[in-house]
Amino acid sequence: MNESKNAPETAVIGAGIIGVCCAIKLQNQGIKVTLIDKVGVAQGCSKGNAGHFATEQVFPLAELGLLKHIPKMLFSPNGPIKIRLAYLPFAMPWFIRFFVNMLPARFKRHSKALKTLNIKAIEAYDELLEQAGLSHLLIKQGSLMTFENTDLKIIEQIKNKYLDNGIRVELLSRSQVKNLEPSLSSNVTYALYFPDVGHTQDPEKLCLSLFEYFMAQGGQFVQEHVHSIEQSKEKVRISTSLQTIHCDTAILAAGAWSKRLLTPLKYKVPLDTERGYHYMVKNHPNINRPIASYERKFIMTPMTSGLRLAGTVEFAGLNTKSNKKRATALASHSTKLLDGINITESLDGQHWMGMRPSLPDSLPVIGRAPKHDRLFFAFGHQHLGLTQAAITGKLIAELVCKKPSSIELEPFSINRFD
Ligand SMILES: Cc1cc2nc3c(=O)[nH]c(=O)nc-3n(C[C@H](O)[C@H](O)[C@H](O)COP(=O)(O)OP(=O)(O)OC[C@H]3O[C@@H](n4cnc5c(N)ncnc54)[C@H](O)[C@@H]3O)c2cc1C
């Protein structure tokens with residue numbers, strides 16, 4: 001609670017799931033927290049994601065094995081990866097780093113770092129949600145990765161890769177999959193079952209509910225656009241469209257937009273956005289957990305408002321309009337996986353596009369700003385921001401309060417891009 005007049009003051013820029021979790025964890029330390037967002041709470045990437053607490057995803061996207069699939073992925077019009085031609089020159093520096101990160105030593109190092117975050121991710125949510133009385137919003141029924149035409153030998157190799165990395169996983173035959181998820185079609189030959197992961201039926205509600213808790217504990221919210229951050233010896237000055245906010249420390253958690261505020265402070269960070277889409281289906285057979293498709297590269301999650309089909313990666317920057325066709329393509333994939341799904345009735349259903357804040361090594365930036373000791377970074381969580389938000393909040397609170405860190409933060413430092 002922030003009742004003391006002399007309590008230290010922190011501003012958190014960005015009220016997505018990362019900013020909201022940071023805000024509560026800082027508040028828990030007796031800090032007076034102001035959360036600032038230009039649009040509103042949970043209106044960025046945290047609004048429409050797939051709701052999957054994907055702790056099994058400990059492999060960076062920059063993986064050598066991806067190389068042979070890239071041409072097919074890029075040239076199929078509604079394939080899982082798309083780079084808009086006009087954006088190609090802007091995306092090139094990101095991709096050069098991405099390819100370099102495929103080197104086995106780098107892949108191994110980044111995977112090890114990802115694991116340190118993911119291992120503690122659900123435990124950190126349990127703590128946070130229990131405190132806020134919201135434990136029911138995290139459902140623990142595991143998840144499935146389905147296969148339709150991949151060779152069993154390859155599936156076993158994939159399974160062993162997870163096991164070698166300490167991830168619990170079981171290989172299910174067609175009949176075992178049917179027992180677990182009767183609505184899955186007979187196209188599904190095998191599935192990997194990850195028993196330790198979770199999901200939420202409404203990621204926007206999760207973020208908004210945590211925000212309500214933050215406000216009930218004395219938090220402040222300002223809906224304004226932050227234009228600049230400056231640090232003097234004793235304060236941080238945050239200039240918005242309407243005012244200057246003075247505080248002791250500040251956290252930059254502005255997702256894909258974070259780079260814009262960093263450039264004037266002379267930090268170089270290859271942050272880009274991997275835009276992703278979702279498509280909601282109203283009339284659908286029941287499924288009980290997130291179900292991903294290995295071949296089709298998308299995921300289906302049961303939400304309170306319908307079945308959410310989510311995925312795809314599009315490089316087109318922060319300012320270009322969304323392309324509905326990428327969301328609609330997800331609907332036709334779902335018909336191959338689920339018996340009795342009715343996408344024709346939902347073709348006018350809800351499309352959404354979100355800006356994943358992505359770095360080419362698949363690791364977020366979490367840490368103190370090297371040149372500004374009152375500024376902290378919590379951005380770049382790419383495909384795993386929902387999963388890693390509570391642990392990120394915990395790490396940021398430890399840093400701000402100069403407490404020992406729960407995990408080694410060096411791999412997440414912004415210095416890695418120097
Ligand atoms: C289709 C899709 C599916 C996904 N599925 C999953 C999943 O299943 N599991 C998972 O873990 N992750 C998933 N993700 C990724 C996850 O959604 C993101 O990593 C996460 O939401 C990022 O959270 P954030 O708080 O950093 O960013 P955001 O939610 O984008 O929040 C950033 C906020 O900063 C504000 N802001 C920016 N600039 C300024 C400024 N100058 N002044 C004031 N405010 C500012 C914005 O308005 C925004 O509200 C998915 C993403 C997509 C697109």
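Those strands (runs of 3 or more DSSP E) of the stretch 148-248 in which 3 or more residues are closer than 22 Å to Phe377 by Cα and under 27 Å from the mean Cα position of the chain (by Cα) occupy 220-222, 226-231. Residue pairs whose Cβ atoms lie under 6 Å apart, separated by 6 or more positions or on different chains, with the first residue in the stretch 99-119 and within 25 Å of Lys68 (Cβ to Cβ) and the second open to solvent by 70 Å² or more (accessible area, probe 1.4 Å), are Met102/Leu64. Within the stretch 395-416, the set of residues being among the hydrophobic types (A, V, I, L, M, F, W, C), in contact with a strand residue (DSSP E or B) (Cβ under 9 Å, 6 or more places away or on another chain) and open to solvent by 20 Å² or more (accessible area, probe 1.4 Å) comprises Leu399, Val400, Leu409.
Out of curiosity, is Glu56 under 30 Å from Tyr193 (Cβ atoms) and either away from the ligand (no atom under 13 Å from the Cβ) or not charged (D, E, K, R) (or both)? Against the criterion (under 30 Å from Tyr193 (Cβ atoms) and either away from the ligand (no atom under 13 Å from the Cβ) or not charged (D, E, K, R) (or both)), Glu56 does not qualify.
Go through the stretch 134-147 and report how many residues are part of a loop (DSSP other than H, G, I, E, B) and of a type in the set (Ser, Thr, Tyr). Step through it out loud before you land on a result.
So the first thing to find is which residues in the stretch 134-147 are part of a loop (DSSP other than H, G, I, E, B), and the list is 134, 138, 140-142.
Now drop any that are not of a type in the set (Ser, Thr, Tyr), which leaves none.
Of the residues in the stretch 134-147, 0 are part of a loop (DSSP other than H, G, I, E, B) and of a type in the set (Ser, Thr, Tyr).
From the list Gly19, Gly30, the one residue that fits, being crowded, with 20+ Cβ neighbours inside 10 Å and at pLDDT 95 or above, is Gly19.
When you check Gln217 against the structure, is it modelled with pLDDT of 95 or more, open to solvent by less than 80 Å² (accessible area, probe 1.4 Å) and either away from the ligand (no atom under 12 Å from the Cβ) or not assigned by TED's automatic domain parsing to the domain that holds Met303 (or both), yes or no?
Working: modelled with pLDDT of 95 or more: yes; open to solvent by less than 80 Å² (accessible area, probe 1.4 Å): yes; either away from the ligand (no atom under 12 Å from the Cβ) or not assigned by TED's automatic domain parsing to the domain that holds Met303 (or both): yes.
Criteria met by Gln217.
Scanning the stretch 368-394 for residues that are out of contact with any Lys or Arg (no Cβ under 8 Å at 6 or more places or on another chain), under 15 Å from Ser258 (Cα atoms) and either open to solvent by 10 Å² or more (accessible area, probe 1.4 Å) or in a helix (DSSP H, G or I) (or both) yields a count of 1. Within 14 Å of the ligand (Cβ to nearest atom) and closer than 22 Å to Phe99 by Cα - does that describe any residue in the stretch 320-327? Checked the stretch 320-327: no residue is within 14 Å of the ligand (Cβ to nearest atom) and closer than 22 Å to Phe99 by Cα.
Note on the stretch 70-133: enclosed helices (runs of 4 or more DSSP H) holding 1 or more residues that are open to solvent by less than 40 Å² (accessible area, probe 1.4 Å), over 30 Å from Ile396 (Cβ atoms) and of a type in the set (Val, Ile, Thr) are 70-75. Leu347 meets the conditions (1) surrounded by fewer than 17 Cβ atoms within 10 Å (Cβ to Cβ); (2) among the hydrophobic types (A, V, I, L, M, F, W, C); (3) at pLDDT 95 or above in every case but one. The failed one is (3). Arg237 - would you say it is closer than 21 Å to Thr301 by Cα and either free of Cβ contacts under 8 Å to residues at least 24 places away in the same chain or open to solvent by less than 20 Å² (accessible area, probe 1.4 Å) (or both)? Criteria not met by Arg237.
Put simply, of Thr320, Thr328 the only residue that is farther than 27 Å from Ala113 by Cα and open to solvent by 50 Å² or more (accessible area, probe 1.4 Å) is Thr320. The listed residues are Arg326, Arg260, and the only one of them that is free of Cβ contacts under 8 Å to residues at least 40 places away in the same chain, among the charged types (D, E, K, R) and more than 19 Å from Leu386 (Cα to Cα) turns out to be Arg260.
Of all residues in the stretch 2-48, those satisfying the criterion of being touching an Asp or Glu at 6+ places or on another chain (Cβ under 9 Å), near the ligand (Cβ under 6 Å from one of its atoms) and over 18 Å from Ala250 (Cα atoms) are Gln43, Gly44, Ser46. Confirm whether Asp196 is at pLDDT 95 or above, in contact with a Lys or Arg (Cβ under 6 Å, 6 or more places away or on another chain) and surrounded by fewer than 18 Cβ atoms within 10 Å (Cβ to Cβ). For Asp196, the condition - at pLDDT 95 or above, in contact with a Lys or Arg (Cβ under 6 Å, 6 or more places away or on another chain) and surrounded by fewer than 18 Cβ atoms within 10 Å (Cβ to Cβ) - is met.
The values are calculated or read from the model by the stated rules, or taken from the named source; none is laboratory data. These numbers were taken from a predicted model, which means no experiment stands behind them. Don't worry about glycine lacking a Cβ; one is built from the backbone with ideal geometry, like all the others, and counts go over all protein chains shown. Protein only, heavy atoms only, side chains kept; ligands, DNA and RNA dropped before computing areas. Shrake-Rupley method; radii C 1.70, N 1.55, O 1.52, S 1.80 Å.
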